[in-house]
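This report concerns only the one structure given below.
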């Protein structure tokens, strides 16, 4: 499968994040998967790519043309260049069979929430994993729980993604994902008359 990994582009983060996401990439590659990602050489994007590269797996980076600065792109693999960030995300979505959000900033949040929204709208049935390293995503879960508590979103929307801090659990979830009985109306609490 083509696994799209979202994550930080910053190297100024604790090594635990970089080492863990590099191991995630290695594990996915060893199990026969390919990488689709934002094309960065740094941060968790670069870590994931290095993990896949170390196992000689296929890597596809998707980058907007304005990211034309030396040293920021992971150039060991295929690079698809786009005109806009929106086009970049669409191509990543089209190429991916599954998504993993690793720790990141605004761009990672935006990418995760776009796929999460598409799932809630019934426009995507692909597996989505929130891979928590070092408790990074606990505040995100608290925010979503607050939205559920206030009736801004249905409780069943938590079933649209898988939250884990385990590499093996993340990979197993993706490999065993079954959406054959996926009913978006149940998530939205809509009953058919």
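Structure data summary
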item: Lone qualifier among 71, 43 - being at pLDDT below 95 and surrounded by 24 or more Cβ atoms within 10 Å (Cβ to Cβ); result: 43
item: Candidates 58, 126, 89, 119, filtered to the one that is surrounded by fewer than 17 Cβ atoms within 10 Å (Cβ to Cβ) and either touching a helix residue (DSSP H, G or I) at 6+ places or on another chain (Cβ under 7 Å) or modelled with pLDDT of 90 or more (or both); result: 58
item: Criterion: surrounded by 14 or more Cβ atoms within 10 Å (Cβ to Cβ), at pLDDT 95 or above, in contact with a strand residue (DSSP E or B) (Cβ under 8 Å, 6 or more places away or on another chain) and in a helix (DSSP H, G or I) - qualifying residue of 112, 99; result: 112
item: Any hit, the stretch 156-169, residues being modelled with pLDDT under 95 and loosely packed, with under 13 Cβ neighbours inside 10 Å; result: yes
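The values are calculated or read from the model by the stated rules, or taken from the named source; none is laboratory data. Please read all numbers here as calculations on a predicted model, not as lab measurements. Because the Cβ atoms are built from the backbone with ideal geometry, glycine has one as well, and the counts that use them run over all protein chains shown.
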